[in-house]
């Protein structure tokens with residue numbers, strides 16, 4: 001008789017149960033080995049990036065398999081809010097989907113439909129062939145799928161900022177994530193994600209989410225900035241990435257043993 005499997009909690013479940021902000025790390029290298037190292041770090045979230053990283057479906061699958069043995073919540077960022085791409089990510093077993101560049105409630109509604117089966121949505125039905133249902137070893141997967149998947153949408157533009165309250169109010173949006181780098185660019189402050197105007201915009205989104213009862217997360221690689229947003233009510237913080245940690249640590253070795261500063265001419269960290 002086949003094993004009957006119980007899926008792990010979704011990001012929405014974790015956020016709903018948390019009595020503190022959750023903290024996570026981006027997996028951008030595309031390496032399942034590195035993703036597994038991050039999964040064992042003690043952080044709460046590993047966010048597998050399909051937008052700005054050399055990551056395809058096979059790599060996402062391998063990373064999800066690598067981190068599955070650890071008590072960490074994996075989230076997968078789609079490269080674009082496309083229903084076909086989202087269907088593929090869901091079918092290969094991504095329970096927690098992050099969609100970048102959502103600027104309106106209408107876009108958010110379309111993404112909710114993308115992660116749900118008809119009649120509530122447009123997700124194609126292929127779970128019996130897919131890891132999402134563990135090949136039909138998760139009991140009643142089709143009937144329960146909406147509770148086994150969480151959707152986070154990313155606020156990264158002035159348009160998204162202005163529509164944050166309406167986006168947060170869309171049923172089926174489980175969380176928001178603010179991307180200060182793109183938001184800074186949209187505000188005419190490219191590369192200045194710690195600018196006071198950007199910080200104020202981030203806090204506007206946090207406040208809108210809290211008003212709607214929807215958790216809001218923030219990218220904040222600078223510890224002081226992460227502390228500020230946690231204090232403002234952010235429910236989760238993404239506080240580093242595998243590639244930036246490796247870059248800065250390897251530069252530190254070079255400085256320590258060679259004495260030159262290879263980062264002197266490098267752009268500011270993300």
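See the values below:
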item: Residue in region 89-97 that is in a helix (DSSP H, G or I) and surrounded by fewer than 18 Cβ atoms within 10 Å (Cβ to Cβ) present; result: no
item: Region 103-123: number of residues that are part of a loop (DSSP other than H, G, I, E, B), more than 25 Å from residue 43 (Cβ to Cβ) and in contact (Cβ under 8 Å) with a residue 40 or more places away in the chain; result: 4
item: Qualifying residue in region 5-26 (condition: in contact with a strand residue (DSSP E or B) (Cβ under 6 Å, 6 or more places away or on another chain), assigned to a strand (DSSP E or B) and either under 22 Å from residue 131 (Cα atoms) or without any contact (Cβ under 8 Å) to a residue 60 or more places away in the chain (or both)); result: no
item: Failed item, numbered, when residue 141 is tested on (1) surrounded by fewer than 18 Cβ atoms within 10 Å (Cβ to Cβ); (2) more than 17 Å from the chain's Cα centre (by Cα); (3) farther than 18 Å from residue 176 by Cβ; result: (1)
item: Checklist (1) touching a strand residue (DSSP E or B) at 6+ places or on another chain (Cβ under 7 Å); (2) without any contact (Cβ under 8 Å) to a residue 60 or more places away in the chain applied to residue 130, failing item; result: (1)
item: Matching entry among 132, 136 (being at pLDDT below 95, part of a loop (DSSP other than H, G, I, E, B) and touching a helix residue (DSSP H, G or I) at 6+ places or on another chain (Cβ under 8 Å)); result: 136
item: Complete set of residues in region 204-258 that are closer than 19 Å to residue 166 by Cβ, out of contact with any helix residue (DSSP H, G or I) (no Cβ under 6 Å at 6 or more places or on another chain) and not in a helix (DSSP H, G or I); result: 213, 217
item: Matching residues in region 27-41 - criterion: being farther than 22 Å from residue 174 by Cβ and outside any helix (DSSP H, G or I); result: 28, 29, 30, 31, 40, 41
item: Count of region 42-73 residues which are in contact with a strand residue (DSSP E or B) (Cβ under 7 Å, 6 or more places away or on another chain) and not in a strand (DSSP E or B); result: 10
item: Which numbered condition residue 196 misses (of (1) free of Cβ contacts under 8 Å to residues at least 12 places away in the same chain; (2) under 21 Å from residue 236 (Cβ atoms)); result: (2)
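Quick grid of which residues meet (1) in contact with a helix residue (DSSP H, G or I) (Cβ under 8 Å, 6 or more places away or on another chain); (2) crowded, with 19+ Cβ neighbours inside 10 Å; (3) in a loop (DSSP other than H, G, I, E, B):
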{"residue": "145", "(1), (2), (3)": "yes, yes, no"}
{"residue": "153", "(1), (2), (3)": "yes, yes, no"}
{"residue": "160", "(1), (2), (3)": "yes, yes, no"}
{"residue": "165", "(1), (2), (3)": "yes, no, no"}
{"residue": "170", "(1), (2), (3)": "yes, yes, yes"}
{"residue": "193", "(1), (2), (3)": "yes, yes, yes"}
{"residue": "198", "(1), (2), (3)": "yes, yes, no"}
{"residue": "202", "(1), (2), (3)": "yes, yes, no"}
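The values are calculated or read from the model by the stated rules, or taken from the named source; none is laboratory data. This is a predicted model, so every value here is computed, not measured. Note that each Cβ is placed from the backbone with ideal geometry, even for glycine, and that neighbours are counted across all protein chains shown.
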